[in-house]
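To start, the structure itself, in structure tokens.
No lab work stands behind these numbers, since they all come straight from the coordinates. Because the structure is predicted, anything quoted here is derived from the model rather than measured. In this analysis, Cβ positions are derived from the backbone assuming ideal geometry, glycine residues included, and neighbour counts consider all displayed protein chains.
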Amino acid sequence: MPPVDHFADHFAAAERVLNEAVADRAFPGAAYGVLADGATATGAVGRFIYEDESRIVLPHTVFDVASVTKVVATTAMAMLLFERKLLSLDERISNILPEFAAAEPPDSPKRDVTVRMLLAHSSGLPGWAPLYQTCEDRESLLRACYAMPLAHRPMAAAEYSDIGFILLGEALARLAGEPLNAFCARELFSRLNMAQTQFLPAREMRDEIPPTELDLAFRRRVVQGEVQDENCWVMGGVAGHAGLFSTVPDLLRFAQCMLGTAQSLLLPTTVELFTMREANPPQTSRALGWDTPSPEGSSSGRLFSPHSAGHLGYAGTSLWIDFERRVAVVLLTNRCWPSRENNAIRTVRPQFHDAVMSALRS
């Protein structure tokens, strides 16, 4: 995946968007990368925090990718298990995780929830709950997820659900016979040469990772080099919904795998199945694990084709892949520094993606 110098020059306008965002304090720093026609460009702007003496962000800086974990780790693991015939999309979750419906009556809608529904966020499970406030460890938090009542009947609506992906991560681990992080390290990250992608970065790496926030409510300290998501942190830093750390070059390698332009671990038919928008529930934008561009207000901007798939991370990260144009764009920031109240990245992301895609047209 060699970088091409003249190719990188195309993205001056996109980098200006990011520099202006730093000046406006949308985030203190960002790393980005673009893959198109087999060529790659990477860049970075800003610093770890806003102070002048802070470390400079580099194109290979490691970030907490937050919910990008859902596609690069959890969904990718599901895709591999699906190809190996160890996972059926229509399998009821209660068959894999009996605890999920153990206390339910025979006609409980929880017994209708399938793997596909968890992937497509159509299970009826609520989006999020502050389980970290009452749970002390991984097992107690999983028990709380098993006991979680549905917010609505399965397939009645699409509701993006961290709870669903926590359960999905545990289900995949049981099917594989090993933890999510161990499977992904061996079967995905090592095979794709994603050397900096990992759960649970070593303590000595923490100073090299931008801090995500000054947590005054829960941990009461700077969160740096450990997962920002509180539920994942209580689970020990490994979960289906969050916990992964990665870099722009590594995520571009993953995008190459999805596009089949380099070493690919996945069949094209599997990639198409998982990245195609679901027909139901009505008006959903979700594929299996992945999201697709919405007609209005997508974080991918206005110029990605309908045959695109991507995902965002709460900490200020994103990966979008256009399968029609054979383009991938990675953006990693720590937009929650020092506080998660800052949502300016919502306007920056589409502007940045539009600038990238416009440059590729020129």
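Per-structure values
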item: The chain, relative contact order in percent, only Cα pairs under 8 angstrom and at least six apart counted; result: 25 percent
item: In Hz, Karplus ³J(HN,Hα) per residue of the range 82-93 (6.51, -1.76, 1.60; θ = phi - 60°; x = Gly, Pro); result: 4, 5, 7, 6, 9, 9, 10, 5, 9, 5, 6, 4
item: Amide H contacts under 5 Å for Leu244, placed H, 5+ residues apart; result: Val65, Ala66, Thr69
item: Whole-angstrom gap from the range 224-281 to the range 31-48, using each part's C-alpha centre; result: 18 Å
item: The chain: angle of helix 12-23 to the longest principal axis, Cα-based, in degrees nearest 10; result: 80 degrees
item: Alpha-carbon centroid distance for the pair the range 145-161 / the range 319-354, whole angstrom; result: 27 Å
item: Under 5 Å, built H, 5+ apart or other chain: amide partners of Val222; result: Asp215
item: Hydrodynamic radius (Kirkwood) for the chain, which is based on Cα pairs only, to one decimal in Å; result: 20.5 Å
item: The range 128-241: projected area of the alpha-carbon convex hull, averaged over directions, in nm²; result: 8.7 nm²
item: Gain in span if fully extended, Thr347 to Glu324, counting 0.36 nm per residue against the direct Cα distance; result: 5.8 nm
item: Extension gain (nm, one decimal) between Arg138 and Leu58, 0.36 nm per residue minus Cα-Cα; result: 25.4 nm
item: Residue order, fewest to most surrounding Cβ atoms within 10 angstrom, among His311, His121, His152; result: His152, His311, His121
item: Calculated [θ] (222 nm, deg cm²/dmol) that DSSP helices of n ≥ 4 give over the chain, each run adding -39,500 (n - 2.57); result: -8000 deg cm²/dmol
item: Helix 162-176 vs. the chain, principal-axis angle (Cα, 0 to 90°, nearest 10); result: 70 degrees
item: For the range 200-286: rounded, prolate or oblate by the Cα gyration tensor [a/c cutoff 1.5]; result: oblate
item: 5 angstrom amide H check on Val327, placed H, neighbours 5+ away; result: Asp322
item: FRET efficiency, Asp107 to Ala156 (Cβ-Cβ, R0 22 Å, nearest 0.05); result: 0.85
item: Proportion of all alpha-carbon pairs of the range 77-155 beyond 22 Å (%); result: 29 percent
